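**Student:** The structure that follows is given in the form of structure tokens.
The values are calculated or read from the model by the stated rules, or taken from the named source; none is laboratory data. For clarity, every value in this text was computed on a predicted model and none was experimentally measured. FYI the Cβ positions are ideal-geometry reconstructions off the backbone, even for glycines, and counts take in every protein chain you see. The accessibility values were calculated without ligands, DNA or RNA, using every heavy atom of the protein model including side chains. Shrake-Rupley method; radii C 1.70, N 1.55, O 1.52, S 1.80 Å.
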Amino acid sequence: MHTRWRGITASTLAAVALAGLVAGCDGDKGKAQVAGDAGALDAGPPQPVIGGELAAELAAVASGAPPERPAPGGGAADGPPANGVFSLQAALAALPKDAPYKLEVIDEGSEPKARLAAKIDPKAEQKLNITLGLRMGGPQGLPNLDLGVSFKAEKPADGPKDAAPAAGAAPTKMIAKVTSATLASMSIGGPPKELADALAKLKGSALRYDLSPANVVSNQKPELAKDADPGLQPIIAALGEAIALLTPPLPDRPVGAGAYWMVTDRAVVSGAELPVLRYRVFKIEKVEGDVVSFSVDTRQYAEGADLKLPGPNGDVTLTIDRLESSGKGSLTWSPPSLAPATADASQRLQALLVPPGASGQQGAQRSVAQVELSAKFGAPPAATE
């Protein structure tokens, strides 16, 4: 049952990703394509409405109440399109390239209210166990992995080394370093030696990123350990996506329990290398001391209709005909946290793709692309004697 993991290489994982994304483009129709042509996308979450109503719909998701429709005046240029695919111009209108993100407070919540702000100790270290899953094209992809991850603030190049960043200060340089990597579950006997050895060599891999005073993750730079197989690079990319997804950007005003806000930013979908505009609604479910419990709901939209994939004879450009992507999660955060102390989230993307040269043709054959990311953050297992 483990033979498909023997000899894990970059080309193997690239082939898995490509097969999951373009299966059915040529030759016989696969089950995934038949399902897509039959309207499998319609069985997913309801699509956000066009224009300025998106915020109301996502707010309703967060609050559990029927959305209150905003006043007329919005249009397709003001919000995501019905087919889930922005034109490049509309994407720029939704979020200019020079704007790293946009945060809109929808409800400030109940009293007592307080301003949420990160208070990072530059000497602190936070250790987490992160269970990570990345699936492409249904069951294909990596099995769930347990990663030991150490979070630290990197020492500044100059200036006081013991001072925490003040509001408005430059971002804190962060490093999330992999300290261990194993399969999350395995039959008796454990993984084959080749796979265990390949995963063990992930130790020392790292993700460097900036964390702003408003708790916004940006400028991610994955670094694979020297001896790690290049084919495992998607694991570090998926780790970065999970960290960014579950780190809550914080409003610049006092908020209380029940508050929720929408954050618009850009992201790249792991496994597909697809640029998207991402809309997240964070809601404060409860506050206990300095620990804040959040729920998060996510919608993602393609930033342009072209999807480039590597092929045996060079890059292949497919056209995204329709895309749906949504996710849900929960997390706990406190001001001294370098990362959420606990979190559990999953995010799914499904798209209909048209092969090269067939865009706009009546009855053009379409294929289905699917990517699913799951992540669970928790305390590392207790050390055994």
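**Student:** Count charges around D265 for me, please; just the other residues with Cβ under 9 Å from its Cβ, Lys/Arg as +1, Asp/Glu as -1.
**Tutor:** Within the 9 Å Cβ shell, the charges total +4.
**Student:** Return the distance in nm (one decimal) between the two label points of a simple spin-label model at D227 and R266, each offset 7 Å from Cα along Cα→Cβ.
**Tutor:** Taking the two extended label points, one gets 3.8 nm.
**Student:** Among Y101, Y260, what's the order by accessible area (1.4 angstrom probe), most exposed first?
**Tutor:** In descending accessible area the options line up as Y101, Y260.
**Student:** Over the range 230-309, calculate the relative contact order: mean separation of alpha carbon pairs under 8 Å at least 6 apart, over the residue count, as a percent.
**Tutor:** Once normalised by length, the contact order is 24 percent.
**Student:** Once you wrap a convex hull around the alpha carbon atoms of the range 216-315, what is its projected area averaged over all directions, in nm²?
**Tutor:** 9.0
**Student:** Report the gain in length on full extension from A170 to Q365: 0.36 nm times residue separation, minus Cα-Cα distance, nm rounded to one decimal.
**Tutor:** 65.2 nm
**Student:** Mind running the shape call on the range 291-333? Use the C-alpha gyration tensor, a ≥ b ≥ c as the square roots of the eigenvalues: rounded below 1.5 for a/c, prolate if a/b tops b/c, oblate otherwise.
**Tutor:** Because a/c hits 1.5 or more and a/b exceeds b/c, the range 291-333 counts as prolate.
**Student:** Work out the FRET efficiency for E273 and A93 from their Cβ-Cβ distance, taking R0 = 25 Å, and round it to the nearest 0.05.
**Tutor:** Approximately 0.55, to the nearest 0.05.
**Student:** Along the range 90-105, what does the Karplus equation 6.51 cos²θ - 1.76 cosθ + 1.60 (θ = phi - 60°) give for ³J(HN,Hα), rounded to whole Hz, x for Gly and Pro?
**Tutor:** 5, 5, 5, 5, 5, 8, x, 4, 7, 9, x, 6, 9, 10, 10, 7
**Student:** What is the extension gain from K102 to S218, computed as 0.36 nm multiplied by their sequence separation minus the C-alpha to C-alpha distance, in nm to one decimal?
**Tutor:** That works out to 40.4 nm of additional length.
**Student:** Still on this structure, I have one more. I'd like the FRET efficiency for E154 and S110, computed as 1/(1 + (r/R0)^6) with the beta carbon distance as r and R0 of 45 Å, rounded to 0.05.
**Tutor:** 0.75
**Student:** Would you mind telling me the share, in percent, of accessible area of the range 233-319 contributed by carbon and sulfur at probe 1.4 angstrom?
**Tutor:** Here carbon and sulfur together make up 52 percent of the probe-accessible area.
**Student:** Please give the contour-minus-distance gain from D210 to V291: 0.36 nm per residue of separation, less the Cα-Cα distance, rounded to one decimal in nm.
**Tutor:** 26.9 nm
**Student:** Can you return the lysines within cross-link range of K226? Criterion is Cα-Cα under 25 Å, with same-chain partners fewer than 8 residues away left out.
**Tutor:** K127, K152, K155, K173, K177, K193, K201, K203
**Student:** Determine which lysines satisfy two conditions relative to K102: a Cα distance under 18 Å, and not lying fewer than 8 residues away in the same chain.
**Tutor:** K283
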